[in-house]
Structure formats: C-alpha cells, structure tokens
Amino acid sequence: MPHSPTSILVTGGAGFIGSNFLLRTVPRYQDVRFVNLDLLTYAGNLLNLKAIEGAKNYSFVHGDIADESLVTRLFVEHAFSTVVHFAAESHVDRSIIDPLAFVRTNVVGTATLLDAARRAWEGGERDTRFYHVSTDEVFGELGDTGAFSETTPYDPHSPYSASKAGSDHLVRAYHDTYGLPVVISNCSNNYGPFQFPEKLVPLMIVKAAAGEPLPIYGEGANVRDWLHVEDHAGAIDLILREGRDGKTYCVGGRAERNNRAVVEAICDLVDEVLGRRPGTSREQITFVTDRPGHDFRYAIDPSKLENELGWSQAHTFGQGM
C-alpha cells in the first residue's frame, strides 16, 4: 500500500545526498512538513539548502541523531509520520582512523531513531514509514562479473561498511520484532552537486583545477558503479511512497568505471573548461599505496527497482559528469 507522508524527519539533510533529496521534495510537496535534523559535522553545510531555507514547510534543527532526549522531543513536537534517515559517517578512510565514531553515529544513532519511532508509532493506527538509506559496501566485493542485488549476502570489509551493515540489520530487526514499517535502499557510488571534497570526484576536480597531484590508490583498477545524486534522490522519493513495507531496493547507475577511468574523464573535462592543452591534467595523476581492505569491484543490479516501481535514471555517466 502506498505511503503518504504528512510530516517527515530527514536526518543528515545538510549533507550531500540529504540536501539533494530536500531540494527535490520540499518544493514538490508543499503540503508536507520537513524537519531537517543535522549535527553539521565537517560534511554538512546549510549553504547546500539556500534555495529552500525560507520555505514554509521546511525547518532545521541542529542536533545529534544519537541524542535520545532530543529525538524523542522532536517526535512529540512534530508528530512525524515518516523518517528518511541519511545521517551517517561515510568515508572509508576516516573509518579506518576512528572506527568508534562510525559505530556511534551509524549504529547507535540509527538505533536511537528506530526506538523513538517505535515508541511514537506504537499501536500502528497511522500511516507511518521509516526509510533507511544504506550503501552497496555492506555486500563486500565482487569478482570480475556479476552484480549486487537485494539477495546478496552481507560481507563488509571496513569499519564504515560494517557499521552500515549493523544499522541495516537493526532496521530489519525492528520490522520483524516490533512490526515497524520500514524500507531500505542500498545505493552505489554517488556523485553530483554539494559532495564534500574528500570523495573521489570532487577531490579530483579541485586538485586538477589547481594543478596539484591527483593521487589514485594502487593502480586505479578498483571498479565502482556511478550514480548521479539527483537520480538517487528521485529513487528515494519513489521508494518512500511506493516501496513495499519491509523490503529492500538496490539503486545503481549501470555505469561501472574503474577509478583511473573516472579520474581521466575528470581531467579531460577540467582541461576543456579551463582551456588547457588536452592531456594537461592527466599528467598530474600519481599512484599511491592502496588502503587496507580496499574492495576491488562493486556493481548494482537495479532491476527490482526498475521493474517493480518503474524507476529510471535521467543521467548517463557522461551527461552527469
């Protein structure tokens, strides 16, 4: 049965994917109230949301998803029908340096939200839904062929992916134990507007434009499936409203590229935009020692989302870049 939100708690809405979701949905659903709860860590920026900051159906709350008293109070004050949970620590390199921060935000924070929703929605008379946004990294790595799907076993290899796997399991446990209405999506690598420049695409754009070295792990052979963030935001909007309760949906761009090919594409575009001699930025590429536990290849099969809900992406990799 379709879900019709009335009041939505969006966690991490000042971050990359969350802000793109809000920029899409706040103007589109003016009869729905949106509350953005964000701690504004290094990757959150309210400037991302400049276009909607004055919208009558949007408000911002500065706070931590692991703050039980705050989260409980917000559920009481706003009578949320819906949670769309983006807030997460998400950078693999940072998780290797400080794994406990990832456990606190991704596991404890998710559990705090789930329990607040359970208590607020007890009885089940209302149309409610908890949407958990996750990653393909929980599945581990692929060989040279095949793709992740909703039935792929979990096999995380970094503190980041393990913490996200833990949060996915908690969401399913709250559905199975308490009957909490939930949906989960696992997405491939996103790129697009407002991405913090620690991730590959914006980092390489900034460094290429500045004439700095472009460091690539190993030989640049690691493969990812690339998804434009606006296509991801559209998928989330669709799954939130039309997805089946208790189900998982994989969201991918059908755009596998190895890291070297991605960086070379960026180099060529930067040279074109800045009027440089073709090939100039490629000369800045350097190869550095690979990080520990670096998964070789990811790919997503989004067939279920396409066939069941009719989703399609608007951006090819070339257009998106």
DSSP-assigned coil residues among GluC sites (Glu not before Pro) in region 196-237, each with at most 16 further Cβ atoms within 10 Å = Glu198, Glu219
Quick one: which residues, 5+ away or cross-chain, put their amide H under 5 Å from the amide H of Glu198? H built at 1.01 Å from N.
-> none
For region 1-81, what mean projected area does the convex hull of the alpha carbons give, in nm²?
-> 5.6
Alpha-carbon spread of region 22-154, three principal axes, descending order, Å = 49, 39, 30
Evaluate the charge dipole of the chain about its Cα centre and quote only its size in Debye, nearest 20, assuming +1 on the Cβ of each Lys and Arg and -1 on the Cβ of each Asp and Glu.
-> 560
Calculate how steeply helix 200-210 sits against the longest principal axis of the alpha-carbon atoms of the chain, using the helix alpha-carbon long axis, and give the answer as 0 to 90 degrees to the nearest 10.
-> 50
Sequence-distant lysines (8 or more away, or on other chains) whose Cα lies within less than 26 Å of Lys304 | Lys164, Lys247
Using a/c under 1.5 as the rounded threshold, could you call region 47-116 rounded, prolate or oblate? The axes a ≥ b ≥ c are square roots of the C-alpha gyration tensor eigenvalues, and prolate needs a/b larger than b/c, oblate otherwise.
-> oblate
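How large is the helix-only mean residue ellipticity at 222 nm for the chain, computed as the sum of -39500 (n - 2.57) over DSSP H runs with n ≥ 4, divided by its residue count, in deg cm²/dmol to the nearest 500?
Computed mean residue ellipticity for the chain: -11000 deg cm²/dmol.
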In a GNM of the chain with a 10 Å cut-off on Cα contacts, which of Arg119, Arg277, Arg297 has the highest mean-square fluctuation?
-> Arg277
May I ask for the Kirkwood hydrodynamic radius of the chain, worked out over all distinct Cα pairs and given in angstroms to one decimal?
-> 20.2
Determine by what factor the alpha-carbon radius of gyration of region 112-259 differs from 2.2 N^0.38 Å, reporting the quotient.
-> 1.20
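Do any trypsin sites (Lys or Arg not before Pro) in region 1-96 lie in a loop, going by DSSP, with at most 13 other beta-carbon atoms within 10 Å of their beta carbon, and if so which?
Numbers: sites: Arg24, Arg28, Arg33, Lys50, Lys56, Arg73, Arg94; in loops: Lys56.
Taking region 1-96 and a limit of 13 other Cβ atoms within 10 Å, the loop trypsin sites (Lys or Arg not before Pro) found are Lys56.
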For region 56-137, build the charge dipole from Cβ charges (+1 Lys, Arg; -1 Asp, Glu) around the Cα centre, then report which of Leu74, Ala101, Ala87 sits farthest towards its positive end.
-> Leu74
Run the 1.4 Å probe and let me know the accessible area of Thr112, rounded to the nearest 10 Å².
-> 20
Would you kindly give the portion of the calculated P(r) for region 199-306 that falls above 20 Å, as a percent of all Cα pairs?
-> 51
Of the accessible area of the chain, computed with a 1.4 Å probe and all protein chains kept, carbon and sulfur make up a percent value of 53
Could you order Glu137, Glu68 so the one with the most accessible surface comes first? Probe is 1.4 Å.
-> Glu68, Glu137
Starting at the first residue of region 273-290, write each ³J(HN,Hα) from the Karplus equation 6.51 cos²θ - 1.76 cosθ + 1.60 with θ = phi - 60°, in whole Hz, x for Gly and Pro.
-> 5, 8, x, 8, 4, x, x, 4, 5, 4, 5, 8, 5, 10, 10, 10, 4, 5
Quick one: Karplus J couplings for region 70-83, per residue in order, coefficients 6.51, -1.76, 1.60, θ = phi - 60°, nearest Hz, x for Gly and Pro?
-> 5, 4, 4, 4, 5, 5, 5, 5, 10, 6, 4, 8, 8, 10
Mean Cα-pair separation over length for the chain, i.e. relative contact order, pairs under 8 Å, 6 or more apart, % | 19
HN-Hα J couplings of region 10-21 from phi, Karplus 6.51/-1.76/1.60, θ = phi - 60°, integer Hz, Gly and Pro as x?
-> 10, 8, x, x, 8, x, 5, 6, x, 5, 5, 5
Value of D in µm² per second that Stokes-Einstein yields for region 263-319, Kirkwood Rh from Cα pairs, at 37 °C (0.692 mPa s) = 217
State to the nearest 20 debye the size of the charge dipole of region 1-123 about its Cα centre, where the only charges are +1 on K and R beta carbons and -1 on D and E beta carbons.
-> 380
In whole angstrom, and with the biggest value first, how far do the Cα coordinates of region 104-190 range along each principal axis?
-> 48, 25, 24
How far is the Cα center of region 86-118 from the Cα center of region 219-285, in Å?
-> 24
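Go through 208-214, 177-183 and give me the packing order, highest mean Cβ count within 10 Å leading.
177-183, 208-214
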For Ile97, what accessible area in Å² do you get when you roll a 1.4 Å probe over the heavy atoms of the protein chains, rounding to the nearest 10?
-> 140
How do Asp144, Asp237, Asp301 rank by accessible surface area computed with a 1.4 Å probe, from largest to smallest?
-> Asp144, Asp301, Asp237
Amide H contacts under 5 Å for Arg254, placed H, 5+ residues apart = Ile300
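The values are calculated or read from the model by the stated rules, or taken from the named source; none is laboratory data. Remember, it's a predicted structure, so these values are computed and weren't measured experimentally. Here the Cβ is made from the backbone with ideal geometry for all residues, glycine too, and neighbour counts use every protein chain on show. Calculation scope for accessible area: heavy atoms of the full protein, side chains included, ligands and nucleic acids excluded. Shrake-Rupley method; radii C 1.70, N 1.55, O 1.52, S 1.80 Å.
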